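**Student:** After the structure tokens below, expect a handful of questions from me.
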Amino acid sequence: MSAIFATTNLPKNVQAAFPQAVGVIDADEPIMINIMHEDVQGAESYSEINCAAARACKKMYGVDGAFIGRTVSYLLRGTILTRYRTPPSLTEEETSFDRHGDFAVGNYRLSAMSGSHKMGSDHKREKTNSGIVRTRKGSTIPKHYTVRTRGRG
């Protein structure tokens, strides 16, 4: 069982989506989501809490809410949020749905948080806001930011 952390360090859009949440834990086990046509038909573009994956999570696991971000997803049970890693395959499908309305139905896996990605980890990553990525050889390349997508979560 993971330690419960306060929701004060969550992204603002997650806090706004689940004001009733008082704690957050990291998932210990991955879960599978079976996204079907009816989940896609009722989904909203650019919505982390009413996208096809969120609708499927609520239906399959009986959770009170789901937030599917580009890198991190949250499932709400009562007043506790559980954090999962969003796989690139699901992120790509959500982006496709947000832009064009098409979504490949099927099974997707939300992974458990690992190592340095867990809350409370001592691992510190260097953050840069300059928009420049430094390579090993010292050259620089500009960062690419994908546009018209949902928030990071």
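**Student:** So in segment 28-50, with the set limited to residues that are under 22 Å from Asn13 (Cα atoms) and of a type outside the set (D, E, K, R), which one is surrounded by the fewest Cβ atoms within 10 Å (Cβ to Cβ)?
**Tutor:** The selected residue is Gly42.
**Student:** Since Ala66 meets every condition but one in (1) more than 30 Å from Phe5 (Cα to Cα); (2) in contact with a Cys (Cβ under 6 Å, 6 or more places away or on another chain), which condition does it not meet?
**Tutor:** In the conditions (1) more than 30 Å from Phe5 (Cα to Cα); (2) in contact with a Cys (Cβ under 6 Å, 6 or more places away or on another chain), Ala66 misses (1) alone.
**Student:** Also: Every residue in segment 72-89 that is in contact (Cβ under 8 Å) with a residue 60 or more places away in the chain, over 13 Å from Ser114 (Cα atoms) and surrounded by fewer than 22 Cβ atoms within 10 Å (Cβ to Cβ), please.
**Tutor:** Passing the criteria: only Ile80.
Bear in mind that the values in this text are calculations on the coordinates, not laboratory data. On a predicted model such as this, the values are computed, not experimentally measured, just so you know. All Cβ positions, glycine included, derive from the backbone under ideal geometry; neighbour counts span all protein chains shown.
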